[in-house]
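Data block below; observations after.
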Amino acid sequence: MENYLMYVVVAALTIVSAGPGVILTINNAIQRSAANTFSAMLGIASGVFAVSVLCATSIGVILTASAVAFTAVKLIGAAYLIYLGIKMWRTQTPLNTHIELQNKSNIKCYTEGLGITISNPKAILFFMSLFPQFIEPQASYTSQFITLSLTFCCLVLIIHSAYALVASFARNKLLQPKARKVLNQISGSIFMCFGVGLAASSK
C-alpha cells in the first residue's frame, strides 16, 4: 500500500474529530477509573473492527443498498445514543463534597463503547468509502484489509488515550458535585444531539 501514511493521517484526523466515542472517553476519564475508561476504549476499538469486517462482507453492501435496512439500523443507533444521553443527564450526583469516582463494571463499560460504534450505520458508509481508496487491486485484499482495520483500531486506542489523559488532569475540579452535574448534562445533551442528528439525517 503506497498510500499507507496518507491513510494513517486521514484515519487519525477522523478519530480526533469529536464524536460519541470521544465524548464517552472524556466523560469516563473524568468520572471513572482508568480500568473503566480503557475498557470502554477497547469496546470502541472492537466496534470499529466489527464495522470494518461488516464492510468487507456482503452485509455491508446490503445495508448501504437497502434503504429500509439502513434506516432501521440508523434509528436503532439513534435511539441508543438518545438513551445514553438521557441516562447521563439524569445521573444523580452526591450532595457531599467528597470526591470519588463513579465506577461501573469493566464489562458494562466495554459494552457501552462497543454499542456506540456498531449502532452507527454511518461508520459503515465511512469505511466502505475509505477502504477502496487505499487498497491496491493487484495485492492481497485480505492482508490489506486486516492492516487497514487494525491500524484504525490502534489509532483509536492511542488517540482516545490522549483524550483521556488530558481529561484526567481536570478531574479534581470536575468531580465536584456541581461540576459533575454540569458535565453529565453537557455530555448527555451532546449524546442526545448526536442521536437526533443521526435519526434526522438522510443516507
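The values are calculated or read from the model by the stated rules, or taken from the named source; none is laboratory data. Source: prediction; values computed, not measured. Here Cβ is always computed from backbone atoms with ideal geometry, including for glycine, and neighbour counts include all displayed protein chains.
Give the residues of the stretch 95-124 that are out of contact with any helix residue (DSSP H, G or I) (no Cβ under 6 Å at 6 or more places or on another chain), modelled with pLDDT under 80 and not hydroxyl-bearing (Ser, Thr, Tyr), sorted by residue number. Residues satisfying the conditions are Leu95, Asn96, His98, Ile99, Glu100, Leu101, Lys122.
Per the listing Val61, Val51, Val22, Val73, the residue uniquely surrounded by fewer than 17 Cβ atoms within 10 Å (Cβ to Cβ) and either at pLDDT below 75 or hydrophobic (A, V, I, L, M, F, W, C) (or both) is Val61. So which residues in the stretch 1-35 are aliphatic (A, V, I, L, M) and not in a helix (DSSP H, G or I)? Met1, Ala18 - these are the residues of the stretch 1-35 that are aliphatic (A, V, I, L, M) and not in a helix (DSSP H, G or I).
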